[in-house]
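Here's the structure we're looking at; comments come further down.
The values are calculated or read from the model by the stated rules, or taken from the named source; none is laboratory data. If you're wondering where the values come from, they're calculated on a predicted model, not measured in any experiment. Please note: Cβ atoms are built from the backbone with ideal geometry, for glycine as well, and neighbour counts cover all protein chains shown. When the accessible area is computed, the model is the full protein with side chains, heavy atoms only, and any ligands, DNA or RNA have been set aside. Shrake-Rupley method; radii C 1.70, N 1.55, O 1.52, S 1.80 Å.
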Amino acid sequence: MDDLRVGTAFDAHRLVPGRPLVLGGVVLESELGLDGHSDADIVCHALIDALLGAAGLDDIGTHFPSSDPRWKDSSSLDLLARAWALVAAEEWSLVNCDAFVVLQEPKLAPHRAQMRANVARALGCALDRVSIRATTTDGLGFAGRREGASCQAVALLRR
Ligand code: MG
């Protein structure tokens, strides 16, 4: 019988002027971008932590610490591919993953297909195993005030 493992994760970063807004490896048009050591792609960060969590491999900060200059301004899509290599090395395969972005603007709908394609490529899986969705908070909280954005993710592994 298959061994199934689930992992969940959350990430949030501050929105600031003068930074690109990168989500799922797509650079979106926005006067505010996510601040962080890497490109601060919350979709990739949450997916990395969900995958590592499902595999029991600690967390993103353990494998890609912000104290390490190697990861400065790195592409989080590349970090996702590296994290997946760690998980796959333990013989896990991906059943599916789902990332849920909380962002006031811009709208993600026009970019979701490209985000899914980027994530599926990083994970070496079929497109239908990756889901990326989004909501606003109707103006409430830090997302609503455009102070930051967050992403929740869940991943299911099988071996
Ligand atoms: Mg992060």
Tell me yes or no: at least one residue of segment 134-144 is among the hydroxyl-bearing types (S, T, Y), within 16 Å of the chain's Cα centre (by Cα) and in a helix (DSSP H, G or I). no
Taking segment 1-36 on its own, how many of its residues are more than 12 Å from the ligand (Cβ to nearest atom), surrounded by fewer than 18 Cβ atoms within 10 Å (Cβ to Cβ), of a type in the set (A, V, I, L, M, F, W, C) and part of a strand (DSSP E or B)? 4
Per the filter on segment 42-55, residues open to solvent by 10 Å² or more (accessible area, probe 1.4 Å) and either more than 13 Å from A155 (Cα to Cα) or within 13 Å of the ligand (Cβ to nearest atom) (or both) are H45, D49
Please state which one of D39, D58 is of a type outside the set (S, T, N, Q), part of a loop (DSSP other than H, G, I, E, B) and either more than 14 Å from the ligand (Cβ to nearest atom) or surrounded by fewer than 22 Cβ atoms within 10 Å (Cβ to Cβ) (or both). D58
Restricting attention to segment 62-118, which residues are within 16 Å of the ligand (Cβ to nearest atom), open to solvent by less than 20 Å² (accessible area, probe 1.4 Å) and part of a loop (DSSP other than H, G, I, E, B)? S74, L103
